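For reference, the structure discussed in these notes is given below.
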Amino acid sequence: QVETLKAKLLEQAQEISRLRSELGGTDAEKHRDLLAAENERLRQEMKVCEGELRELRRQQQAPCRGCTHLQENARLQEQLSQLQRESEETRAKLAELDLEVQQKTNRLAEVELRLKDSLAERAEEEERLSRRLRDSQETIASLKSQPQQIKYIIKTVEVESTKAKQALCESQSRNQYLQEQVGMQRQVLKEMEQQLQSSKKTAAQLRAQIVMYEAELERAHGQMLEDMQAMEEEKNHAIEEAFSRAQVEMKAVHENLAGVRTNLLTLQPALRTLTHDYNSLKRQVRDFPLLLQEALRSARAEIGQAIEEVHSTNRELLRKYRRELQLRKKCHNELVRLKGNIRVFGRVRPITKEDGEGPEAANAVTFDADDDAVLHLLHKGKQVSFELDKVFPPQASQEEVFQEVQALVTSCIDGYNVCIFAYGQTGAGKTYTMEGTAANPGINQRALQLLFSEVRGKAADWDYAISVSAAEIYNEALRDLLGKEPQEKLEIKLCPDGSGQLYVPGLTEFRVQSVEDINKVFEFGHVNRVTECTNLNEHSSRSHALLIVTVRGLDRSTGLRTTGKLNLVDLAGSERVGRSGAEGSRLREAQHINKSLSALGDVIYALRSRQGHVPFRNSKLTYLLQDSLSGDSKTLMMVQVSPAEKNTSETLCSLKFAERVRSVELGPVSRKAELGSWPSQEQLEGDSPGTPAPSARGHASSSPGQLSGRSASIRRKLQTSG
């Protein structure tokens, strides 16, 4: 307990010393009040100065904005604001000191209470120890008195009996026990006396420490008062300096303002002049919209007149350009005719529902508005341009296409060989262009109708006989579509007359005299031609179809005999096997088609590079077209392309091939005419063919028996009309 008491006394002494060192709050409060009163006085003076500055600002005019007085005034305002900031900082420091003094006063009161409690506890503890000491002393005194009686008893009963001796022994043992207790009590008393002595020493030390701490507190309090007084003196000195400086600066401001007033009096005439100028400018600005509107009207009239002149000039230039374009095309066609170039027309089919929807079905082909022989293809983000002899957009009709080729068709009446073949990928519209539909026929039927019309127009002087043959090349086998045995393979041979011309022995030839005969021939050929459904085309041609029209004429007045041939070829479409989905026999057909078209490309390359050997015999297709591609025929290729984005690769290949074909020169074309006797009707008609055998057409929707009966009926009608 004494040790605990020592620790508590030490802590309380330390707290008392710390709080006494912080005493002096009353003096600080007095200084704080003085500083607050001084601060309030300075604030009132600052407000008065601000009022004067506002009055001075109201008296200033616009011409004096850049003078030195205002700059001096701004500098004084900055100094005033700095003084205000310093005053605010002083007030903040005073508030902090007030708060700190209040906190220290509270802590000192708490420490004094704790010290009083500790002193009371210590007095109680000393009183308790004193009582215990007195009790111990009384006990020792009583014990000291007892042993004398015992000795006396021992001496008096030495001569007593045995019982007395026994009692004496017991008394001695008891006396020994009491002596031991007395020794223990003496030892305890000695220890307590030592503790009391040490407590007195400790209390004396604590009293000495308290005195020392009180002296240190007094010294710290004196130091704190000196510091506060020094700070107060510094603050008063700074305030006096700032105030004196502000007075000097305000005096300078008043002097500057006096000079400004003098300048303002001298500037009044200049201000009146400026006001007059401003009013005149205001009147001009008010009249400016009318002047601007008048100027705009005249400018619009001049610009409209200039635009009209430019439009008229452009129309005249466009008319001249189109006339020159037509003249250039006419000269080009004549040059092509003289050189014997293969003419190339391009036709773009419209987007159909089979192309699907989305980005893949977007239109990738555009046309030139000023030149109908140019088209542009957007392939992989790059635009590629191609120039052909003529380009037909998707909205071009069958009639418009035929108008461009009818001049070639009519030249076969004069004894020229003509070949028109359609080239392009599967589903590009080749069969539609060549054959068309019943309601909208293509080049084949329109060509024969035109020939009949021309023959009727020359019937007064000429006798004509028109015969038609139809064949197809299927899997590198030449088959007669109008014969008795459509599956019979035919061969291509040279004419025995030594002319070098090619002919097909056994190829059926029908004489036609009307449009009805033409329709019957076409229907008979369609029944026997091979078409199948693929992923790219619902009715894909699986063979190359050739329609051979022979026109023989005789001039009755001169005996001149002419022979012209018109070969109309519908090539099978090139296709990628992966996209068309061909399998089995369809795959074999696609391989033969691509091989024959590749051979056609080799022939075109050889002709274009003027090689000595042209590989016509690499394919039945190129061998059969040798007469049309060897320089003795007027040849036209109709390249068919698809505008869909997904077909741009095939479209690019077709157009590049068309450009190569267009650069091939076959040489001048010769006319087949000679003087001689007119052959008999039997010679013109040739051998009458018999009834054809069952058709070999592999169409899934008709049975072989039905096809055979239909072919036989059509053939009988043809023979009857012949």
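Under a model in which nothing but the beta-carbon of Lys, Arg (+1) and Asp, Glu (-1) is charged, the range 243-339 shows a dipole of about 960 debye around its Cα centre. Cross-link pairs exceeding 25 Å in C-alpha to C-alpha distance, out of LYS47/LYS93; LYS620/LYS646; LYS430/LYS520; LYS47/LYS104, comprise LYS620/LYS646; LYS47/LYS104. Close amide-amide hydrogen proximity is noted between LEU666 and ASN341, ILE342, each under 5 Å apart and 5 or more residues distant or on a separate chain (H modeled in the peptide plane; Pro and chain starts excluded). Which of SER280, ALA252, THR262 sits closest to the plus end of the dipole of the range 243-339, meaning its Cα is farthest towards the positive end, when Lys and Arg get +1 and Asp and Glu get -1 on the C-beta? Sorting the options by dipole projection puts first SER280. Rolled with a 1.4 Å probe across the full set of protein chains, the surface gives SER136 an accessible area near 20 Å². Centre-to-centre, using Cα atoms only, the range 83-151 and the range 192-207 are separated by 16 Å. Surface exposure of the range 426-529, expressed per residue as accessible area with a 1.4 Å probe, stands at 42 Å².
Out of the total accessible area of the range 243-339 (probe 1.4 Å, heavy atoms of protein only), what percent is carbon and sulfur? The computed percentage sits at 62.
Amide H to amide H, with H built 1.01 Å from N, GLU488 comes under 5 Å of ASP480, counting only residues 5 or more places away or on other chains. Largest accessible area first, the residues ARG134, ARG58 order themselves as ARG58, ARG134 under a 1.4 Å probe with ligands, DNA and RNA left out. Between the range 388-456 and the range 466-526, what is the separation of their alpha carbon centroids in Å? Each part's Cα centre sits 20 Å from the other's. Annotation: amide H of ALA477 has no partner in the under-5 Å range at sequence separation 5 or more or interchain, hydrogens built in the peptide plane. Computed with a 1.4 Å probe on the full set of protein chains, the accessible area for MET250 sits at about 20 Å².
Cross-linked pairs LYS8/LYS201; LYS489/LYS634; LYS634/LYS656: Cα-Cα separations exceed 18 Å for LYS489/LYS634; LYS634/LYS656. Return a single number: how many Lys pairs in the range 243-339, at a sequence separation of 8 or more or on separate chains, have alpha-carbon atoms below 18 angstrom apart. For the range 243-339, qualifying lysine pairs total 4. Heavy-atom accessible surface of the range 243-339, averaged per residue, reaches 83 Å², computed with a 1.4 Å probe.
Take GLU360: with every protein chain present and a 1.4 Å probe, its accessible area is about 120 Å². The order of HIS276, HIS544, HIS376, HIS592 by accessible area, most exposed first and with a 1.4 Å probe, is HIS276, HIS592, HIS376, HIS544.
The values are calculated or read from the model by the stated rules, or taken from the named source; none is laboratory data. Keep in mind it's a predicted model, so treat the numbers as computed, not measured. Please note: Cβ atoms are built from the backbone with ideal geometry, for glycine as well, and neighbour counts cover all protein chains shown. Heavy atoms of the whole protein, side chains included, go into the accessibility calculation; ligands, DNA and RNA do not. Shrake-Rupley method; radii C 1.70, N 1.55, O 1.52, S 1.80 Å.
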